[in-house]
Amino acid sequence: MSASDSLGARPLTAKRSGALAGRMRVPGDKSTSHRALILGLLSIGKTSVEGLLESDDVLRTAQACRQLGAAVERGGQGLWNVRGVGIGGLVEPDGVLDFGNAGTGTRLMMGVVGGHPISATFDGDASLRKRPMRRILDPLSRMGAQVVAEAEGGRCPITIAGARHAAPIEYRTPVASAQIKSAVLLAGLNAPGCTTVVETEASRDHTERMLRHFGAQVDVAPQGEGGRRITLTGQPELRPAPVIVPGDPSSAAFPIVAASIVEGSDVVVEGVMLNPLRTGFLATLRDMGARIEAVNPRQEGGEEIADLRVRASELRGTDVPAARAPSMIDEYPVIAVAAAFARGETRLRGLSELRVKESDRLAAVSAGLAACGVVHCVEGDDLVIQGGNGEVEGGGEVKTHLDHRIAMSFLVMGLAASRPVTVDDTTMIATSFPDFLDIMSGLGGNFAGATSR
């Protein structure tokens with residue numbers, strides 16, 4: 001058992017609440033936080049990071065950066081400093097790189113190690129050990145890395161011997177995945193010539209944006225209908241660059257849905273990233289009739305951000321196209337909760353990627369909906385939900401399967417359901433949103449220990 005599994009389960013119950021009200025700020029964006037640390041490691045000199053998400057996932061990546069040679073320290077007022085060793089300067093880590101539940105950190109760092117002539121063992125908690133890594137290992141093998149050891153099915157624990165001389169490749173991703181793309185590009189940093197990733201559907205572009213921010217040459221061109229061709233010029237000298245981490249839109253989705261379904265609510269979520277490749281959930285909620293107003297738009301760290309005012313709404317069912325999946329892949333569980341309260345049918349299409357997240361999220365969402373009396377079905381890779389026209393029975397106990405987004409989604413459901421909703425564990429919420437309970441309680445959310453239900 002990994003050290004990541006040592007915490008005991010902490011159940012929690014969410015009960016029907018009065019109107020939610022107030023202003024809040026969600027944690028820093030997790031995707032940006034991981035990348036800021038990793039590119040700080042790969043730069044020579046000191047990079048300062050403001051607003052880093054201090055969650056378990058990100059702190060695991062910070063520790064991995066230390067093990068690979070960087071000095072990573074938290075300074076005053078939450079400012080983090082990373083003194084990097086530069087491309088080609090990594091040291092072989094002493095001990096296992098234990099990423100806990102951090103799938104993003106694991107896969108991105110596999111790319112970093114895969115492009116360097118060092119060996120490292122990657123491991124994590126029980127949930128991470130279930131997640132497939134073959135889709136990362138295959139392109140890295142083409143670049144010269146070797147998989148020395150792996151668990152069945154290309155799963156952690158995995159030992160990688162990085163390429164002695166990394167080879168640039170052109171790689172077409174099998175699915176729209178920022179993690180696959182980023183692993184290849186990060187490995188390509190230590191390869192001569194150009195490394196190219198071809199996507200038939202555009203995935204999140206945080207890696208490309210941040211590589212440019214640190215001085216790399218990254219060219220992006222359209223590829224077919226909706227795809228992109230990303231080309232990185234290898235062996236740049238990355239320069240330290242300050243990073244201001246914007247608010248995480250995936251975390252913002254929980255208070256936004258809660259304010260939409262709890263009668264009388266009026267909530268402002270401050271400083272949310274509005275990168276167009278991350279806002280599919282906002283488009284979907286607006287299609288459902290949610291009242292979401294973007295105010296005070298501005299730019300920070302190369303990303304568009306704004307404050308979002310959200311007021312309770314009468315939601316209606318909608319048909320969400322599969323093409324929207326890359327821009328809202330982490331938000332489907334809480335969108336399913338919104339759909340449960342809507343009027344009419346909602347169909348969420350093309351959810352195959354949910355089967356290989358922290359849990360089989362499609363199965364976990366379906367089981368949670370069933371436990372709370374929501375009529376729905378899974379048809380292939382589609383989830384079809386019959387909305388309750390503002391009412392959901394609730395009353396269930398939801399199994400989270402060590403998945404933070406399942407836990408938070410069904411706690412949000414409990415705030416508006418007729419009967420309380422209990423989740424079997426909340427410990428893993430710290431992987432992305434450590435202050436979730438305090439912030440939601442501060443807005444008026446009603447939570448209690450499972451025993452008081």
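Would you check if T196 is closer than 30 Å to P242 by Cα, polar (S, T, N, Q) and in a helix (DSSP H, G or I)?
Spelling it out, it is not the case that T196 is closer than 30 Å to P242 by Cα, polar (S, T, N, Q) and in a helix (DSSP H, G or I).
Can you name every residue in the stretch 353-363 that is under 11 Å from Y332 (Cβ atoms) and outside any loop (DSSP other than H, G, I, E, B)?
E353, L354, R361, L362
For the condition assigned to a loop (DSSP other than H, G, I, E, B), hydrophobic (A, V, I, L, M, F, W, C) and touching a residue at least 12 places away in the same chain (Cβ under 8 Å), what is the one hit in L308, L238, L211? Before you say what the answer is, go through the steps one by one.
Values: L308 fails: assigned to a loop (DSSP other than H, G, I, E, B); L211 fails: assigned to a loop (DSSP other than H, G, I, E, B).
Answer to the selection: L238.
Given the criterion of a type outside the set (S, T, Y), under 24 Å from the mean Cα position of the chain (by Cα) and assigned to a loop (DSSP other than H, G, I, E, B), identify the matching residue among G350, G388.
Going through G350, G388 in turn, just one is of a type outside the set (S, T, Y), under 24 Å from the mean Cα position of the chain (by Cα) and assigned to a loop (DSSP other than H, G, I, E, B): G350.
Can you tell which of L185, L97, L189 is over 28 Å from S327 (Cβ atoms), of a type outside the set (D, E) and at pLDDT 95 or above?
L97
Search the stretch 392-417 for residues that are assigned by TED's automatic domain parsing to the domain that holds S17 and buried (at least 24 other Cβ atoms within 10 Å of the Cβ) and pair each with any residue that is aromatic (F, W, Y) and at pLDDT below 95 when their beta-carbon atoms are under 8 Å apart and the residues are at least 6 apart or on different chains.
H404/F433; M408/F433
Given the criterion in the same structural domain as N190 (by TED's automatic domain parsing), small (G, A, S) and more than 21 Å from H206 (Cα to Cα), identify the matching residue among G84, G114, G88, G103.
G88
For the stretch 49-80, what are the residues that are polar (S, T, N, Q) and under 22 Å from the mean Cα position of the chain (by Cα)?
S55, T61, Q63
Taking the residues in the stretch 40-80 that are of a type outside the set (A, V, I, L, M, F, W, C) and in contact with a helix residue (DSSP H, G or I) (Cβ under 6 Å, 6 or more places away or on another chain) as candidates, determine which candidate is nearest to F214 (Cα to Cα).
Our first condition is that a residue be of a type outside the set (A, V, I, L, M, F, W, C); within the stretch 40-80, this holds for 40, 43, 45-48, 50-51, 54-57, 60-61, 63, 66-67, 69, 73-78.
If we keep only those that are in contact with a helix residue (DSSP H, G or I) (Cβ under 6 Å, 6 or more places away or on another chain) too, we end up with 47, 55-57, 60-61.
Numbers: T47: 10, S55: 24, D56: 25, D57: 23, R60: 22, T61: 18 Å.
The selected residue is T47.
For the stretch 73-94, name all the residues that are under 24 Å from I429 (Cα atoms) and either crowded, with 23+ Cβ neighbours inside 10 Å or free of Cβ contacts under 8 Å to residues at least 24 places away in the same chain (or both).
Selection gives E73, R74, Q77, W80.
I87 is checked against (1) touching a helix residue (DSSP H, G or I) at 6+ places or on another chain (Cβ under 6 Å); (2) under 27 Å from P168 (Cα atoms) and fails just one. What number does that condition carry?
(1)
Can you tell me how many residues within the stretch 218-235 are at positive phi, surrounded by 13 or more Cβ atoms within 10 Å (Cβ to Cβ) and at pLDDT below 95?
Final tally of qualifying residues: 1.
Restricting attention to the stretch 132-162, which residues are buried (at least 18 other Cβ atoms within 10 Å of the Cβ) and either under 29 Å from Q223 (Cα atoms) or in the same structural domain as H401 (by TED's automatic domain parsing) (or both)?
Within the stretch 132-162, M133, I136, L137, P139, L140, M143, G144, A145 meet the criteria.
Residue by residue, here is whether (1) of a type outside the set (V, I, T); (2) surrounded by 20 or more Cβ atoms within 10 Å (Cβ to Cβ); (3) over 18 Å from the mean Cα position of the chain (by Cα) holds:
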position: G193; (1), (2), (3): yes, no, yes
position: R204; (1), (2), (3): yes, yes, no
position: M210; (1), (2), (3): yes, yes, no
position: A216; (1), (2), (3): yes, yes, yes
position: E237; (1), (2), (3): yes, no, yes
position: A253; (1), (2), (3): yes, yes, no
position: V257; (1), (2), (3): no, yes, no
position: V262; (1), (2), (3): no, yes, yes
position: R286; (1), (2), (3): yes, no, yes
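When you scan the stretch 174-190, do you find a residue that is more than 18 Å from the chain's Cα centre (by Cα) and surrounded by fewer than 20 Cβ atoms within 10 Å (Cβ to Cβ), even just one?
Among the residues of the stretch 174-190, at least one is more than 18 Å from the chain's Cα centre (by Cα) and surrounded by fewer than 20 Cβ atoms within 10 Å (Cβ to Cβ), which makes the answer yes.
So which of L97, L68, L128, L59 ends up being of a type outside the set (S, T, Y) and closer than 26 Å to M273 by Cα? Lay out the reasoning, then the answer.
Details: L97 fails: closer than 26 Å to M273 by Cα; L68 fails: closer than 26 Å to M273 by Cα; L128 fails: closer than 26 Å to M273 by Cα.
It is L59.
Can you name the number of the only condition in (1) surrounded by fewer than 24 Cβ atoms within 10 Å (Cβ to Cβ); (2) over 25 Å from M273 (Cβ atoms) that A14 fails?
Status for A14: all satisfied but (1).
The values are calculated or read from the model by the stated rules, or taken from the named source; none is laboratory data. These numbers were taken from a predicted model, which means no experiment stands behind them. Don't worry about glycine lacking a Cβ; one is built from the backbone with ideal geometry, like all the others, and counts go over all protein chains shown.
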